[in-house]
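Worksheet: the structure to be examined is printed underneath.
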Amino acid sequence: MNANDLLPIGDLARRTGLSVSAIRYYEGKGLIEPHRTGGNQRRFLRSDIRRLSFILIAQRLGLTLGEIEAQLIKLPHGRTPNARDWSAISRAIRDQLDARIAELERARDNLDGCIGCGCLSLKKCALYNPEDTLAAKGQGPRNVID
């Protein structure tokens with residue numbers, strides 16, 4: 001490994017837009033793994049820019065850190081992930097994203113119907129939930145989020 005392939009944490013922060021503490025947090029979670037210099041300073045692979053970018057994108061898409069970790073574990077260590085590696089991750093999370101999109105569309109459509117009627121009254125909405133039967137499904141606005 002060439003020294004030019006390694007970045008100090010400050011450079012990685014500048015390249016990704018993350019704070020140094022956020023990078024240390026992701027390191028602590030095992031999502032990225034620095035190399036240590038003889039003076040015990042962190043040095044990161046240039047490819048960690050992509051890993052951190054994936055983390056940021058995946059979080060914006062609603063994936064949990066656990067789900068992100070499950071995907072990053074599949075990437076090779078010691079070499080820069082290639083297009084085939086990233087494509088495999090994309091295929092793996094596609095079903096999760098499709099399910100989230102469907103859930104958001106259902107919530108949007110149900111919310112339009114519920115709030116859009118204009119009544120906002122329990123008496124009228126009791127028609128949609130006679131005798132509180134939705135309580136068996138759990139807490140919260142079940143018609144909107146299920």
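What follows is calculated from the coordinates using simple rules that are stated; it is not laboratory data. None of the values given here were measured: they were computed from a predicted structure. Every residue, glycine among them, receives a Cβ derived from its backbone with ideal geometry; neighbour counts consider all protein chains shown.
Quick notes
- Cα gyration tensor, segment 63-103 - rounded (a/c under 1.5), prolate or oblate: oblate
- Backbone HN-Hα couplings from phi across segment 18-31 [Karplus 6.51/-1.76/1.60, Hz, Gly and Pro as x]: 8, 6, 4, 5, 5, 5, 4, 4, 5, 4, x, 7, x, 7
- Phi-derived couplings, Karplus 6.51 cos²θ - 1.76 cosθ + 1.60 at θ = phi - 60°, listed residue by residue for segment 84-89: 5, 4, 5, 5, 5, 5 Hz, with x used for Gly and Pro.
- Backbone N under 14 Å from the E69 label point (7 Å along Cα→Cβ), restricted to segment 1-43: 25-33
- 5 angstrom amide H check on L45, placed H, neighbours 5+ away: L7, H35
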